[in-house]
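Here, each number is a calculation from the coordinates, and none is a lab measurement. Being a predicted model, the structure only gives us computed values, none of them experimental. Ideal geometry is used to build each Cβ from the backbone, glycine not excepted, and the neighbour counts take in all protein chains shown.
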Amino acid sequence: MVRTCDGRDSPAEQPSRSSLSKKSRSNQHDIDQHRSKKKQRVTIRQTETETEIATVTLNHTAISYTHTYANSYSNSYIKGKEKEHKGKAKRAIADDKRKWVYSTHDISPNQAAHEDLYRNISPKYLDWDYRKKLICKEIRKYNPGIMCFQEVDRFDDLDHLLQKEGFKGVYQARTGDACDGCAIFWNSKLFDIMHEESIEFQNFNLRNNVCQLCVFKMNVKSSSKDMSASNSESVSLTRFLVGNIHVLYNPNRGDIKLGQVRLFLESAQRLSQEWGDIPVVLAGDLNSMPQSAMYQFLTSNKLDIQMHDRKQISGQIHPLQNRSFYPRLSYRWSNEELMLATGTGSSLLIHQLQLHSAYAGTPGSSRTRENSGEPLATSYHSKFMGTVDYIWHTTEFVPVRVLDTLPVDILRRTRGLPSKKWGSDHLSLVCELAFADEECET
């Protein structure tokens, strides 16, 4: 999606964007054979509107997804040779339709700001009225339970549209001169919100970005009809935490980026413990590339930041070319930078959540995934193509399937996002999760 207002810390900063993500059902026979225990499912998406959207969806059953090709293939045929050409035509259809890929887990039961970023895009595709129709259409297709949005500068408009679809939402505006923020929406028939809080990072001298944290309870009334009474009762007790964040863009300020993510993770862990060690799902635009030091921190729980250049923490300098961790050298950080990054002045940064990436945990094609398993690209405009959007979960969840992103060659044909078909400059990340323990009541 496109931001109409992007809060930036300096004129040199040019935000990258995030997108929508989250749910879907599947009635495939080979999967259904493994679902006799009827486990509850969680689908998570991440996307963007005029406003970025990261969506987390929790569903009690798998979601169906109808696959059709969007592009037509035309060719002139010589009479009598149509069969021969038809075979070629089928293979030549452009696969700009995103496909579901399944996990190996056994899961039985108006114009935008920063127009230079969109110089290749037709003005009509940047118009909010045009894009919001595409975004709503996409939401209906995925049938999400929970959605996380970033760069929301038209919350009232979005809220009005999504209320018609049965969603409720909460919003946290960025501080300072920025006119956008983060929003979480949920299907009110499926979930009840138990607790909501947010962080304004300016209160910690960490710029004007914000994040949200919400505790949800699965609504027993929404249990699927084929669930047993005991299962339905356990669903009513099932609680989980959803976090939504938009991290600072500026590639040079790795100290600020780490500080924001540190506080986000610390708050998620605290709330999880306060509510009985409940599972956690985190989604958002981290403005950091896969295989960066930031990514390493999230997956390995710790980071010696003095082994990394502050300006390279997010790996944004050479997107799609950054495929390995930076050399383990010692870099000079000031005491102030260490304090902002770690909160203690120490060089070692640690978090306590055991996080796994939903996409990295699900098999994918080399056309859409990089070595880490993350998408090759979740955002594309005239100055950037790469992955900055993620869905993370704790070990109480396992991924059932994710909606694969577009192959880079197909993505390039659009000449940039948003496009005729996609209403955001980020592709939605969509993930369906299942509780790892069917007896889990949180």
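Observations
- Stretching the chain fully between N120 and K421 yields a gain of 106.8 nm (0.36 nm per residue, less the alpha carbon separation).
- Nonlocal amide H pairs with G386, under 5 Å, H built at 1.01 Å: T378, S379
- Taking label positions 7 Å along the Cα-Cβ direction at both K141 and Q352, the computed distance is 4.2 nm, reported to one decimal.
- Estimated dipole of region 122-181 in Debye, rounded to 20 [Cβ of Lys and Arg +1, of Asp and Glu -1, Cα centre]: 400 debye
- Highest average packing first - 402-411, 374-383, Cβ atoms within 10 Å: 374-383, 402-411
- Pairs from the list K383/K420; K99/K383; K137/K311; K168/K421 with a Cα-Cα gap above 28 Å: K137/K311.
- At R0 = 22 Å, FRET efficiency that the Cβ-Cβ distance of E336 and D304 yields, to 0.05: 0.75
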